[in-house]
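Undergrad: Structure provided below as structure tokens; questions to follow.
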Amino acid sequence: MRVESSVRVLSIALLVGSCSQQPPAETPAPAPIATPAQTQSGQAAGAPAAPPMTAADSARVAAAMAARRDSIEKDRTRLYNEELAWLAGRENQPAESVYKNIKLFKGQPAIRVLNIMARGFSPALGVSCSHCHVTGEYDREDKNTKQIARDMFAMLNGINAELKKIPNIKSTNPTVNCSTCHRGQARPGAGGGGPPRPAASPPG
Ligand code: HEC
Ligand code: HEC
């Protein structure tokens, strides 16, 4: 029990820590993936020839993507601020004494849960709160993305434990977090190099 919870605290610290910093310097990209230019124009290296996009097309796509990112970010900031106001005065109480359905973050200050939501999970996946929640009723389990997030968290602990066993890694504290895979996408592609996949299908 002790050990388990200290592992949990460690990974929470890493998660949050990584979110408040700039993304780490790019690690060398794995061999053949699309160049940024190709990705922007929506063409994957090695993918069957798609009709070429004009510069105007890619500018439109880029603008639409930026607008979507902005509105998602605005939405989650608004929802975060609402929850922050609700929590006022109880920020440092144990999460499970304030919230109704805490399984991962027992013993953590309540405010940390909110911060992980807003600075960790949501930006890592490029989503707003509604991707995993019925907003305003955050204890509910209607969306399976919420439990997937818990399972991903557990997977992360396993990966990080394995990572630490690999000798001769350059970083002193090599860590994988949600963003390592997700990089702002709800559904990181397995193939790599392709254009971002369509937004996640409505969870449920
Ligand atoms: C990727 C999925 C995901 C996203 C996105 C997400 N959450 Fe959560 N949220 C969770 C999970 C998982 C839990 C349960 C944590 C646990 O079991 O300890 C949770 C729990 C909560 C709780 C505690 C509810 C209770 O009473 O038990 C609140 C409040 C909350 N989230 C707010 C937010 C807000 C606000 C946002 C957007 C800024 C957000 N969440 C975004 C997955 C998510
Ligand atoms: C080792 C890589 C990896 C890490 C680390 C990882 N994920 Fe994932 N995640 C994936 C993959 C791959 C999928 C499946 C996407 C698909 O449906 O094809 C996925 C799917 C998900 C989904 C379902 C998305 C949807 O819309 O269907 C959620 C939610 C999620 N991850 C949350 C998280 C959270 C939160 C973290 C950090 C605690 C995390 N993931 C860490 C690789 C990862």
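Bear in mind these aren't lab numbers, they're just calculated from the coordinates by the rules spelled out. Nothing here was measured: the structure is a model prediction, and the numbers come from that model. Neighbour counts are summed over all protein chains in view; Cβ atoms, including those assigned to glycine, are modelled from backbone coordinates with ideal geometry.
Undergrad: Quick check on region 62-189: take the gyration tensor over C-alpha atoms, sort the square-rooted eigenvalues as a ≥ b ≥ c, and tell me if it's rounded (a/c under 1.5), prolate or oblate.
TA: On the way: a/c = 1.89, a/b = 1.20, b/c = 1.57.
Because a/c hits 1.5 or more and a/b fails to exceed b/c, region 62-189 counts as oblate.
Undergrad: Now a separate question. Per residue of region 107-117, in order, report the coupling 6.51 cos²θ - 1.76 cosθ + 1.60 (Karplus, θ = phi - 60°) as ³J(HN,Hα) in whole Hz, putting x for Gly and Pro.
TA: Running phi through 6.51 cos²θ - 1.76 cosθ + 1.60 with θ = phi - 60° gives x, 7, x, 3, 4, 5, 4, 4, 5, 5, 4 Hz.
Undergrad: In a shell of Cβ-Cβ distance under 13 Å around residue 176, excluding residue 176 itself, what net charge do Lys and Arg (+1) and Asp and Glu (-1) give?
TA: Values: positive: 164, 183; negative: 162.
Computed value for this residue: +1.
Undergrad: Now for a different question. Given R₀ = 45 Å, FRET efficiency for residue 142-residue 163 by Cβ-Cβ distance, to 0.05? List each step's numbers first, then the result.
TA: On the way: r = 34 Å, r/R0 = 0.75.
Plugging the Cβ-Cβ distance into 1/(1 + (r/R0)^6) gives 0.85.
Undergrad: Here's another thing I want to ask about it. Report the full-extension gain for the segment residue 73 to residue 91: residue separation times 0.36 nm, less the Cα-Cα distance, to one decimal in nm. Please report the intermediate quantities before stating the final value.
TA: Numbers: separation 18, 0.36 × 18 = 6.48 nm, distance 2.27 nm.
Length difference between fully extended and current span is 4.2 nm.
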